[in-house]
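Trainee: Before I ask anything, here is the structure I am working with.
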Amino acid sequence: MELVVATTIGGLTAAGVYLILRLRAFPVILGLTLLTYAVNVFVFATGRLAVGVPPVLNDAASAYTDPLPQALVLTAIVISFGMTAVLVLIALGAALESGDDRVDLSEDANGEGDT
């Protein structure tokens, strides 16, 4: 089980970093989303990977699942959804303004290119 989760986290992280390094706005947003998924799975996995055990420690249970990472991941999901919505709107506004969603890194502070 741990190998599957570790491979999933690694794959999400690799795909997220690849997409962030693209020079277009929407792949960068998708890359950030994949990275947040990877972090959420990592934090969730720190609360123990156990199936069928109670989330609260009581007298009869010898095994339990830590509820704190579950609460943190739930909060992070809501925050990342809001962040993604804001980034999509900013990128959409920039794409409509310039006609393209490409990030141009060759312009200096005056808006002139390196020609």
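Trainee: What does the highest-first list of 67-79, 34-46, 8-20, 90-102 look like by mean Cβ count within 10 Å?
Mentor: For the peptides 67-79, 34-46, 8-20, 90-102, the packing ranking is 34-46, 8-20, 67-79, 90-102.
Trainee: Assuming 0.36 nm per residue, please report the length gained on full extension of the stretch L96 to A50 beyond their Cα-Cα distance.
Mentor: So the chain would gain 11.8 nm between L96 and A50.
Trainee: Now for a separate question. Multiply the residue separation of I77 and F26 by 0.36 nm, subtract the distance between their alpha-carbon atoms, and state the gained length in nm to one decimal.
Mentor: 16.4 nm is the gain from fully extending I77 to F26.
Trainee: Once you list every other residue whose beta carbon is under 12 Å from the beta carbon of R22, what net charge do they have if Lys and Arg are +1 and Asp and Glu are -1? List each step's numbers first, then the result.
Mentor: Values: positive: R24, R102; negative: D101.
Taking every Cβ under 12 Å from that of R22, the sum is +1.
Trainee: Same structure, new question: Using modelled amide H (1.01 Å from N, peptide plane; none on Pro or chain starts), what sits under 5 Å from the amide H of R24, excluding residues fewer than 5 places away?
Mentor: So R24 has HN proximity to V103.
Here, each number is a calculation from the coordinates, and none is a lab measurement. This structure is a prediction, so every number in the text was calculated from the model and none was measured. As a convention, Cβ positions derive from the backbone with ideal geometry for all residues, glycine included, and neighbour counts pool all protein chains shown.
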